[in-house]
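What follows draws every value from the coordinates through simple rules; no lab data is involved. Bear in mind that the values here come from a model prediction, so they are computed numbers and not experimental data. Virtual Cβ from ideal backbone geometry, glycine too; neighbours counted across all protein chains shown.
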Amino acid sequence: MQPGGQIDMQALLAQAQAVMTAQAEIAATEVEGEAGNGLVKVRVKATGEVQQLLIDPKVVDPEDVETLQDLVAGAINNAMANAHEMAVAKLGPLAGNPGGGQLPGFPGGGQLPGFPG
């Protein structure tokens, strides 16, 4: 705020621009996750879109599909958690919440939409 209780519009616009820039960087970023000591790896966009799924042939057992399903789910969850951490690290300081883990003003109790809490 400026003296006299007026809002500093220039500072507010600069902060909005910084947030938009950070959001664009986040949307363009890909992060990885893995499970089973790297037997299953997944690469996702920070927006949640799966880009690549790699499965080591050693983990493919037709008699035990459940283990493979668990590993794939675990790798995706790990990647999404990494994406969430990256987004919080980028946007948290811009929201006046450095390293707080949650961002004010987002639906879902301050969690970034589309990311696990």
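With the requirement that a residue be of a type in the set (Lys, Arg) and surrounded by fewer than 17 Cβ atoms within 10 Å (Cβ to Cβ), what does segment 66-93 give you?
The first filter runs over segment 66-93 and keeps only residues of a type in the set (Lys, Arg), leaving 90.
Residues satisfying the conditions do not exist here.
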Among residues belonging to segment 17-29 that are of a type in the set (A, V, I, L, M, F, W, C) and either within 14 Å of GLY48 (Cβ to Cβ) or in contact with a Gly (Cβ under 9 Å, 6 or more places away or on another chain) (or both), point out the one that is surrounded by the fewest Cβ atoms within 10 Å (Cβ to Cβ). ALA28
Within segment 45-65, is there a residue that is within 11 Å of the chain's Cα centre (by Cα) and either buried (at least 18 other Cβ atoms within 10 Å of the Cβ) or of a type in the set (Gly, Ala, Ser) (or both)? yes
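Would you check which residues across segment 30-42 are within 10 Å of ALA83 (Cα to Cα) and either of a type outside the set (Val, Ile, Thr) or surrounded by fewer than 16 Cβ atoms within 10 Å (Cβ to Cβ) (or both) and list them? Even if it seems obvious, please write down each step before you answer.
The first filter runs over segment 30-42 and keeps only residues within 10 Å of ALA83 (Cα to Cα), leaving 30-33.
Once the filter is applied, which keeps residues that are within 10 Å of ALA83 (Cα to Cα) and either of a type outside the set (Val, Ile, Thr) or surrounded by fewer than 16 Cβ atoms within 10 Å (Cβ to Cβ) (or both), segment 30-42 yields GLU30, GLU32, GLY33.
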If ILE7 meets every condition in (1) surrounded by 14 or more Cβ atoms within 10 Å (Cβ to Cβ); (2) in a loop (DSSP other than H, G, I, E, B); (3) at negative phi apart from one, which number is that one? (1)
Looking only at segment 17-60, count every residue that is in contact with a Lys or Arg (Cβ under 6 Å, 6 or more places away or on another chain) and not in a helix (DSSP H, G or I) and tell me the total. 6
